[in-house]
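Engineer: Okay, here's the structure, questions in a sec.
Any read-out appearing in this document is the output of simple, stated calculations on the displayed coordinates, not a laboratory observation. What you see is a predicted model, and the numbers here were worked out from it, not measured in a lab. Here Cβ is always computed from backbone atoms with ideal geometry, including for glycine, and neighbour counts include all displayed protein chains.
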């Protein structure tokens with residue numbers, strides 16, 4: 001049976017812990033000359049949304065581990081236009097061993113995966129961004145030594161990152177506070193699903209950022225208007241201006257809190273420069289760790305974890 005990673009819901013708690021361990025091992029060994037666990041593996045990379053970190057982390061990682069990657073932009077293929085998504089999935093999966101997709105509507109990803117004959121990875125949709133949260137959890141493990149007994153505060157827009165953090169909290173069991181304006185709340189279906197996964201999930205939704213950040217180990221934020229939401233930018237900035245991560249807000253967190261952001265960041269909008277550029281910020285390690293977390297997912301989906309990773 002083909003295994004996909006379209007959402008963190010596709011993983012168990014134990015698998016998330018396993019992937020973090022594998023990511024750590026890859027990070028230690030990635031520059032070893034003879035460490036090529038993805039030798040002969042070709043990754044197809046479909047980008048309907050542009051990206052810096054996603055393309056570099058997947059493509060560079062594949063090549064370092066002995067595999068290869070083929071970049072396909074919306075200009076290169078006819079996904080859902082000149083050719084149906086179903087037909088594109090059937091054709092592309094004949095040429096490669098695994099596929100990652102970065103797109104807009106989550107349903108496009110689901111439809112593609114339903115017709116693919118190789119594993120498919122969600123590299124971002126408007127609804128979810130599971131690879132980023134796996135990298136974030138790996139980073140927290142590196143910095144704090146634990147991902148289960150922590151308190152994470154997500155402040156800002158209830159976007160795909162907030163939705164993915166909700167699934168992570170339900171599965172792993174850590175405490176998660178999400179502070180958004182009512183009009184920017186996370187997806188209701190995601191919240192419902194999270195409590196179906198874990199009725200005892202420690203997830204709190206609030207419109208009070210200070211309440212969310214109180215005694216937090218991790219403070220997380222993201223841009224206020226994601227790619228494709230440019231028309232809403234002015235409205236969102238008005239709604240979210242009191243949700244900026246600044247010196248006053250972080251004073252409510254633990255003294256040794258870490259600041260995280262999936263990037264790109266807009267200094268003096270969602271976060272003050274003095275915060276993202278401070279000793280508390282781990283955003284650059286977080287960005288690097290995308291490579292290792294994603295390679296771990298690839299290795300799992302294609303069955304290479306038992307090959308002496």
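Engineer: For residue 266, put the label point 7 Å out on the Cα→Cβ axis and report which residues of the range 140-167 keep their amide N under 18 Å from it.
Structural biologist: 155-162
Engineer: Another question about this same structure. Give me 298, 203 ranked fewest to most by other Cβ atoms within 10 Å of their Cβ, as a rough exposure proxy.
Structural biologist: Ranked by crowding around the Cβ, least crowded first: 203, 298.
Engineer: Using Cβ counts within 10 Å as a stand-in for footprinting exposure, how do 301, 19 rank, fewest first?
Structural biologist: Neighbour counts put them in this order, fewest first: 301, 19.
Engineer: Starting from the Cα of residue 210, step 7 Å toward the Cβ, then list every residue of the range 243-275 with an amide N under 15 Å from that point.
Structural biologist: Once the point is set 7 Å along Cα→Cβ of residue 210, 243-253 turn out to lie under 15 Å by backbone N, inside the range 243-275.
Engineer: While we're on this one: Using helices alone, I'd like the mean residue ellipticity at 222 nm for the chain: each DSSP H run of four-plus residues gives -39500 (n - 2.57), total over residue count, nearest 500.
Structural biologist: My calculation for the chain gives -12000 deg cm²/dmol from helical runs alone.
Engineer: Next up: Where the centroid of each part is defined by its Cα atoms, how far is the range 117-164 from the range 228-280 in Å?
Structural biologist: The two parts, judged by their Cα centres, are 17 Å apart.
Engineer: Using the Cα gyration tensor of the chain, with a ≥ b ≥ c the square roots of its eigenvalues, what is the shape: rounded (a/c below 1.5), prolate (a/b larger than b/c) or oblate (neither)?
Structural biologist: prolate
Engineer: Any idea how far apart residue 238 and residue 60 come out in nm if each label point goes 7 Å out from Cα toward Cβ?
Structural biologist: Once both label points are built, they end up 4.1 nm from each other.
Engineer: Then there is this: So for the range 132-285, averaging the separation of alpha carbon pairs under 8 Å that are six or more residues apart and normalising by length, what relative contact order in percent results?
Structural biologist: RCO, the range 132-285: 24 percent.
Engineer: R0 = 51 Å: FRET efficiency of residue 87 with residue 31, Cβ-based, nearest 0.05? Before the final figure, lay out each step's value.
Structural biologist: Working: r = 40 Å, r/R0 = 0.79.
About 0.80, to the nearest 0.05.
Engineer: Considering the Cα trace of the range 132-285, what is its radius of gyration and what is Dmax, both in angstroms?
Structural biologist: Reported Rg and Dmax, both Å: 14.2, 41.
Engineer: Still on this model: Considering only 94, 75, 144, give the residue with the highest GNM mean-square fluctuation for the chain, with springs between Cα atoms whenever their separation is below 10 Å.
Structural biologist: Result: 75 has the largest fluctuation of those listed.
Engineer: What is the order of 165, 284, 224, fewest Cβ neighbours within 10 Å to most?
Structural biologist: 284, 224, 165
Engineer: Sticking with this one: For a test of the definition: using alpha carbon positions, the gyration tensor, and the 1.5 limit on a/c, classify the range 42-82 as rounded, prolate or oblate.
Structural biologist: Oblate shape, in that a/c is at least 1.5 and b/c is the bigger or equal ratio.
Engineer: Taking the 0 to 90 degree range and rounding to the nearest ten, how far is the long axis of helix 13-29 tilted relative to the main principal axis of the chain, both from C-alpha atoms?
Structural biologist: The angle comes out near 70 degrees.
Engineer: Between helix 130-144 and the chain, what is the angle of the helix's C-alpha long axis to the longest principal axis, kept within 0 to 90° and rounded to the nearest 10?
Structural biologist: The angle comes out at about 60 degrees.
Engineer: While we're on this one: Any chance you could give the angle, 0 to 90 degrees and rounded to 10, that helix 160-172 forms with the longest Cα principal axis of the chain?
Structural biologist: In the chain, helix 160-172 runs at an angle near 90 degrees to the longest axis.
Engineer: For the range 66-208, what Kirkwood radius comes out of the mean inverse Cα-Cα distance, in Å?
Structural biologist: 16.8
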